[in-house]
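Heads up, the thing below is written out as structure tokens.
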Amino acid sequence: LSGKLFNHYKFINNDIGAYGIRALIDLMDSNPELRSLTLSSNCIDDEDIADFFRAMMKHPALATVNLDCCLEGRSSKYCMLNGLIRVNTVEEISMRNNDLSFVACGHTQSLSDSLASNTVLERLDLRGNSLNDEDAASIATALQTNSTLKYLQLEGNDFTEIGGEYFGAALRTNNTLEHLFLENGVVNATFSALFEDSSLNSAADSNHICNIACRFYNRNEEGDPTGNRQRKIYNVLATRNKTMNNVQHFDDIDINFNLLPEMLAAVQRYANTHVSELQFLYLVNNEVNALSIVYEFMRNWDKSLNQFHRE
């Protein structure tokens, strides 16, 4: 391989050892066109990590790094991840199954600071790393500032619903993350924290971009921000319709002629749709009669219209 130019090196499940790392560093130094490096399932010793890290950092083109199952039990693994993020040149990092609970080793703040200040990283995969709710809080804090990360894979960690709420709160301000993957029980907590499900304004103004997904279902459909917004609006209207109290909330919201058509469109699109047809969509009240909701609007049209004119 020496002297040959490759865009990608992939060495998987080898007992690479110190000699192998040294040989890899020489290859990287002699190959300025290297864009992607995969070393998954290779044990890298602490004494080799520093030299290996420096080789990656000084490489002029390296953009993708995969170190899955390489650093479990190594004390330098935290410095490796923080360094890869902080250097601000790598676009994609995968460090699955490396037991990276930052709280346990006191590195939580450094992870948050590195991720918050990064302006290049687009994809981060930290599946199966024993991350807990405190780690979730740290990552969520960074997401409130970070504006370049688009894909965050966090399945297989130890988050509870509390951790999910941290992510949901972060997504109230982050509108650039497009995919967030979590465990089944955490997805709903994250989605619920996006907005107040009793407030039409909160539902309409919430994050409709980020696809929050697990293995079996998702919230916020990928690539459908308009549909996501309408589904949330519909759920609020349908829930209120059960007690026929939609219109009484109009004085309390920032409603105008722009929102009214969306409300009617949401009702037309999702009312009376059987749940089996939309099993993956967030519709908690999807068998409410559309005419019942529209009747509420029309019955109090004068009051609603006056409200629209006042604003």
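The values are calculated or read from the model by the stated rules, or taken from the named source; none is laboratory data. Bear in mind the structure is a predicted one, so any value in this text is a computation, not a measurement. Using ideal geometry, Cβ is built from the backbone for each residue, glycine included, and neighbour counts are taken over all protein chains shown. These area figures cover heavy atoms from the full protein model, side chains too; ligands, DNA and RNA do not enter into them. Shrake-Rupley method; radii C 1.70, N 1.55, O 1.52, S 1.80 Å.
Points to keep in mind about this one:
- Karplus (6.51, -1.76, 1.60) ³J(HN,Hα), θ = phi - 60°, over the stretch 15-26, in Hz, Gly and Pro reported as x: 8, 5, x, 5, 5, x, 5, 4, 5, 5, 4, 4
- Exposure check, 1.4 Å probe, all protein chains in place: residue 43 carries approximately 80 Å² of accessible surface.
- When the alpha carbon coordinates of the stretch 140-222 are projected onto the principal axes, the ranges are 34, 27, 23 Å, largest first.
- Building the convex hull from the alpha-carbon atoms of the stretch 101-194 and averaging its projection over directions returns 4.9 nm².
- With every protein chain in place, the stretch 38-165: carbon and sulfur % of accessible area (1.4 Å): 44
- Heavy-atom SASA rank of 150, 10 (probe 1.4 Å, accessible area, largest first): 10, 150
- Hz values of 3J(HN,Hα) by residue in the stretch 171-177 - Karplus curve (6.51, -1.76, 1.60), Gly and Pro given as x: 6, 5, 10, 8, 10, 10, 5
- Think of a 1.4 Å ball rolled over the protein heavy atoms: the stretch 17-115 then has 40 Å² of accessible area per residue.
- Computed over protein heavy atoms with a 1.4 angstrom probe, the accessible surface ordering of 239, 64, largest first, is 239, 64.
- Take residue 160: with every protein chain present and a 1.4 Å probe, its accessible area is about 60 Å².
- Two-decimal log10 I(q)/I(0) for the stretch 1-145, as the Debye equation yields it once each C-alpha is a single scatterer, q = 0.09, 0.13, 0.17, 0.18 Å⁻¹: -0.26, -0.54, -0.93, -1.03
- For residue 93, the shell of other residues with beta-carbons less than 15 Å away shows a net charge of +2, using +1 for Lys and Arg and -1 for Asp and Glu.
- Divided by 2.2 N^0.38 Å, where N counts the residues, the Cα radius of gyration of the stretch 120-261 comes to 1.10.
- Cut-off under 5 Å, modelled amide H: who pairs with residue 211 long-range: 179, 180
- Inter-probe distance in nm under a simple model that places probes 7 Å from Cα toward Cβ, at residue 262 and residue 45: 6.0
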